[in-house]
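Working notes, structure below.
The values are calculated or read from the model by the stated rules, or taken from the named source; none is laboratory data. Only a predicted model underlies this, so the values are computations on that prediction, with no experimental measurement involved. With ideal geometry, Cβ positions are generated from the backbone for all residues, glycine too; neighbour counts draw on all protein chains shown. Heavy atoms of the whole protein, side chains included, go into the accessibility calculation; ligands, DNA and RNA do not. Shrake-Rupley method; radii C 1.70, N 1.55, O 1.52, S 1.80 Å.
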Amino acid sequence: LVNKITNMIINEVLSPGYQFPNEIEMCQMLKIGRSSLREAYKVLESNGLIKRTKRGTFVNSKSNYSLDTLLNIEIKNSDFMDLLEFRMVVEGKTAYFAAERATPSEIDKLKKILERMNSEKNNITKFSFHDLAFHLKIAEMSHNILLNNAFQFTSEKFLKGINEAFLKLDNDGIERALDYHNKIYKCISEKRLDDAMKTMEEHVMDIMINTNNIWATN
């Protein structure tokens, strides 16, 4: 419900100043209980999307949106190449920090994700999901809150884009992506900081080149 109303506000289906129907009418329209509606309103209000007064519930202007909400809007409005360029800038260093700071337990969890990638390479949907999990885990292993949060923010957009790209890749493309992930894991597990950074940068560049080639032929 929060996502649905958020998207309607962001896409200006509900324009600034719009007044929502009263709670009883809203619950009847949405077929939900009042407690669910109120919880959704709390989240929307904390994100600066709406304001609740004695006169009713209203859509806010963008100037009232929280920083998190504004960032999410920018991510949704960006294209996949924007995201890849962002990753090109930060992900190599993220892998460097992960190689430097990861605990044995974290490395073991990364290995398990990699094993799932290897076993699910013929199922693009699952392979894409494990690919995302692999990169999110590396961000977590960097032990840098800002880097970790940045990857969490972009995860939905990245998953959609990488899934579309993988669907258009041939078997050689999938195997190449998998080979990069295996190399990145090895560098991190062996604490080879510079190699982890370099291999990750090469991996992201390879995705960028292949994505450009895919789009150019479609």
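Put a plus charge on the Cβ of each Lys and Arg, a minus charge on the Cβ of each Asp and Glu, and nothing anywhere else: the dipole of the chain about its Cα centre is then about 1020 debye. Positive-end ranking of 136, 113, 124 along the dipole of the stretch 105-168, with charges on Cβ about the Cα centre, is headed by 124. Across the stretch 150-156, computed HN-Hα scalar couplings (Karplus, 6.51 cos²θ - 1.76 cosθ + 1.60, θ = phi - 60°) run 4, 6, 5, 4, 8, 4, 4 Hz from first to last residue, x flagging Gly and Pro. Computed over the chain with a Gaussian network model linking Cα atoms closer than 10 Å, the most mobile of 87, 38, 176 is 38. Remark: the stretch 107-121, residue by residue, has Karplus-estimated 3J(HN,Hα) of 4, 5, 5, 5, 4, 5, 5, 4, 4, 5, 4, 4, 7, 10, 5 Hz, where x stands for each Gly or Pro and the curve is 6.51 cos²θ - 1.76 cosθ + 1.60 at θ = phi - 60°.
Working note: Karplus 6.51/-1.76/1.60 with θ = phi - 60° gives the stretch 35-50 the couplings 5, 5, 4, 5, 5, 5, 4, 4, 5, 4, 5, 5, 7, x, 7, 9 Hz, where Gly and Pro are set to x.
Only lysine pairs 8 or more places apart or on separate chains count here, and in the stretch 1-124 those with Cα atoms under 26 Å apart total 24. Using the Cβ-Cβ distance between residue 15 and residue 42 with R0 set to 22 Å, the FRET efficiency works out to roughly 0.50. Available extension along the chain between residue 93 and residue 160 is 21.8 nm, counting 0.36 nm per residue and deducting the alpha carbon span. Annotation: amide H of residue 50 within the under-5 Å range of 45, 60, sequence separation 5 or more or interchain, hydrogens built in the peptide plane.
The simple spin-label model puts a point 7 Å past each Cα toward its Cβ; for residue 179 and residue 112 those points are separated by 2.9 nm. Just name one of 40, 148, 8: the one whose Cα is farthest towards the positive end of the charge dipole of the chain (beta-carbon charges, Lys/Arg +1, Asp/Glu -1). Highest projection toward the positive end goes to 40.
To the nearest ten degrees, helix 124-141 and the longest principal axis of the Cα atoms of the chain are 90 degrees apart. Scanning residues 5 or more positions from residue 57 or on other chains, those with amide H under 5 Å from its amide H are 20, with H placed 1.01 Å from N in the peptide plane.
Here the stretch 108-174 exposes an accessible surface that is 51 percent carbon and sulfur, computed with a 1.4 Å probe and the other protein chains kept in place.
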